[in-house]
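S.K.: Attaching a single structure in structure tokens format; questions to follow.
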Amino acid sequence: MANQFPGDFALKEVKLYNIDQTEDYDIKALVQEINLYESVFSSALQATLLIEDIGQNLISTLPIIGQERVEIKINSGSRTYRLNFYLYRIDGRTMSEKSQTYVMNCVSLEGLRNENYRVCERVDGIRAEDLIEEKLKSGGFTPKKFEFDETKEPFDIYVPNWRMFDLFQWLCKRSVPLHKKDSVGFLFYETFDGFNFRSIDALFDEPQYPDDSSVYKYFQGNLKSNDKESKFRIMNYASPKMFDLYDDLRRGAFSHDSIYLDINRRVYRTFRTTADDFWKDSSHLGKMKPYVSGGGDTPTQLLKRSSRTIYRPSALGKFNATITNIVDKIDNATNQSFAKDWVDPVNKNFEKAFYRYYFLEYSQLDIAVPGDLDVRSGNVIKVSIPTTTKSSDGKVKEDTRFSGKYCVTAVKHTILNKSELRTNITLARDSYGGKMIPDVTKSEEQVYQDGTN
């Protein structure tokens with residue numbers, strides 16, 4: 001529930017422990033501001049604390065050298081959050097006689113452990129979620145809860161001394177969800193509740209937070225509203241990204257050629273794909289695609305003509321017996337077109353993932369809402385944004401393009417003066433609200449003539 005009422009939110013404790021955990025210091029009185037961050041694109045939680053140190057000089061007297069534990073205890077409604085972070089950097093330090101201010105930059109313990117936990121082994125026939133869970137629990141890496149969606153196929157790979165989180169992110173971009181077997185794409189991230197390995201499609205298809213009847217709506221603060229409307233009021237909003245066709249085209253976001261280099265066999269294979277190759281197989285939050293289909297016959301030929309060539313190594317010959325048998329067929333094929341056009345499953349999945357991840361943040365919206373420690377990265381919420389024009393009857397209507405369902409990609413909780421909680425939510429989706437744009441049916445010649453007349 002959003003924190004609206006006096007006493008509903010309380011910062012109970014902020015403690016700083018020395019490195020060997022033998023002493024703790026109550027630094028609540030020194031804290032001027034706390035920022036807590038979580039994101040579906042971050043494998044670990046982050047926090048910053050603005051400290052005003054008057055007369056204690058903790059940096060020298062403790063001393064603070066990094067790796068100290070910071071424990072933050074917060075009461076929110078009927079729930080108590082006890083969050084632990086580890087100090088990895090101090091910056092912004094300014095000093096004046098007996099007073100000094102500085103910023104403590106902290107991360108969850110696993111974020112630091114990840115830097116010296118390495119995986120160097122062959123993995124045979126294991127699904128991504130099982131491999132991730134095994135690594136999280138092995139060697140005491142973390143006792144935290146792990147939530148996951150099931151994947152369709154196991155992996156047979158060599159892991160070349162990667163950090164744990166690097167391995168998990170590699171698996172994300174190549175894993176096919178059992179929930180939607182023709183799609184691809186997972187996210188590995190940490191929230192206040194623990195670690196998550198979630199299918200993008202499953203997140204998009206989940207019920208909205210906190211229930212189907214709740215809508216985050218923008219309206220002026222001086223307008224009358226009931227308790228529920230006040231809890232889900234958007235106090236201000238901004239759209240940091242709309243689109244950038246130059247960037248899209250140069251990245252090959254709509255159509256690109258992929259050249260797969262098989263170093264072992266000294267051959268290459270070329271494929272052309274378009275955004276349409278993934279769109280129909282995946283879940284989406286809005287109906288309006290950010291491009292037009294229909295053979296790509298738009299003035300800029302977005303889908304019909306490739307705007308980039310991407311080179312990728314081929315993984316042929318490095319997987320299980322099924323792949324090995326297919327490789328043998330390719331080597332012995334009399335039909336050379338078959339041998340030339342075949343691509344290994346991992347690269348095939350990654351090809352779809354290229355579009356999936358690119359469009360994931362295509363439409364962004366930042367909103368500030370009443371403090372709510374229960375909202376999580378990965379939640380789907382519904383928003384209502386008003387248009388800037390009034391209808392003929394004088395009423396303000398909803399902006400259908402910006403309104404609708406979004407995925408929460410990041411949450412920032414700010415605690416000011418130890419008594420005020422603010423929540424800023426970053427939202428994203430791969431589509432727009434409103435009706436679908438019809439596919440283009442003109443011929444290439446007609447499009448060219450229309451664009452030059």
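The values are calculated or read from the model by the stated rules, or taken from the named source; none is laboratory data. This structure is a prediction, so every number in the text was calculated from the model and none was measured. Every residue, glycine among them, receives a Cβ derived from its backbone with ideal geometry; neighbour counts consider all protein chains shown.
S.K.: When you scan the stretch 353-447 for strands (runs of 3 or more DSSP E) that lie fully inside it, which ones turn up with 2 or more residues that are in contact with a Leu (Cβ under 9 Å, 6 or more places away or on another chain) and of a type outside the set (D, E, K, R)?
M.R.: Values: elements: 363-370, 380-384, 386-390, 396-398, 404-416, 420-429.
Of the strands (runs of 3 or more DSSP E) lying wholly inside the stretch 353-447, those with at least 2 residues that are in contact with a Leu (Cβ under 9 Å, 6 or more places away or on another chain) and of a type outside the set (D, E, K, R) span 363-370, 380-384, 404-416, 420-429.
S.K.: State whether the residues of the stretch 204-218 include one that is under 20 Å from C407 (Cβ atoms) and of a type in the set (A, V, I, L, M, F, W, C).
M.R.: Within the stretch 204-218 (the criterion being under 20 Å from C407 (Cβ atoms) and of a type in the set (A, V, I, L, M, F, W, C)), the answer is yes, since at least one residue qualifies.
S.K.: In the stretch 113-122, which residues are part of a strand (DSSP E or B) and either touching a His at 6+ places or on another chain (Cβ under 6 Å) or surrounded by 15 or more Cβ atoms within 10 Å (Cβ to Cβ) (or both)?
M.R.: Scanning the stretch 113-122 gives R118, V119.
S.K.: Could you give every pair whose Cβ atoms fall below 6 Å, whose first residue belongs to the stretch 343-363 and is of a type in the set (S, T, Y), and whose second residue is assigned to a helix (DSSP H, G or I) and crowded, with 18+ Cβ neighbours inside 10 Å, counting only separations of at least 6 or pairs across chains?
M.R.: From the stretch 343-363, the pairs are Y355/F278.
S.K.: Within the stretch 231-244, identify whether any single residue is in contact with a Lys or Arg (Cβ under 8 Å, 6 or more places away or on another chain), modelled with pLDDT under 95, over 30 Å from R308 (Cβ atoms) and not β-branched (V, I, T), and answer yes or no.
M.R.: Checked the stretch 231-244: at least one residue is in contact with a Lys or Arg (Cβ under 8 Å, 6 or more places away or on another chain), modelled with pLDDT under 95, over 30 Å from R308 (Cβ atoms) and not β-branched (V, I, T).
S.K.: State yes or no: is Y86 assigned to a strand (DSSP E or B), under 25 Å from Q21 (Cα atoms) and free of Cβ contacts under 8 Å to residues at least 60 places away in the same chain?
M.R.: yes
S.K.: For the stretch 166-260, which strands (runs of 3 or more DSSP E) that fit wholly inside it have 3 or more residues that are out of contact with any Leu (no Cβ under 6 Å at 6 or more places or on another chain) and closer than 30 Å to E115 by Cβ?
M.R.: Output list reads 186-191, 194-199.
Condition check ((1) β-branched (V, I, T); (2) at pLDDT below 95; (3) assigned to a strand (DSSP E or B)) across all residues:
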| position | (1), (2), (3) |
| --- | --- |
| I90 | yes, no, yes |
| M104 | no, no, yes |
| G111 | no, no, no |
| D124 | no, yes, yes |
| L131 | no, no, no |
| E153 | no, yes, no |
| I157 | yes, yes, yes |
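S.K.: Which one of K217, K228 is outside the structural domain of P290 (by TED's automatic domain parsing) and in contact with a strand residue (DSSP E or B) (Cβ under 9 Å, 6 or more places away or on another chain)?
M.R.: The conditions single out K217.
S.K.: Based on what the data block shows, is G66 surrounded by fewer than 16 Cβ atoms within 10 Å (Cβ to Cβ), on the phi > 0 side of the Ramachandran plot and part of a strand (DSSP E or B)?
M.R.: Considered against the rule, which asks whether it is surrounded by fewer than 16 Cβ atoms within 10 Å (Cβ to Cβ), on the phi > 0 side of the Ramachandran plot and part of a strand (DSSP E or B), G66 comes out as no.
S.K.: Another question, if that's okay. Quick one: which of K98, K28, K15 is loosely packed, with under 13 Cβ neighbours inside 10 Å and in contact (Cβ under 8 Å) with a residue 12 or more places away in the chain?
M.R.: K98
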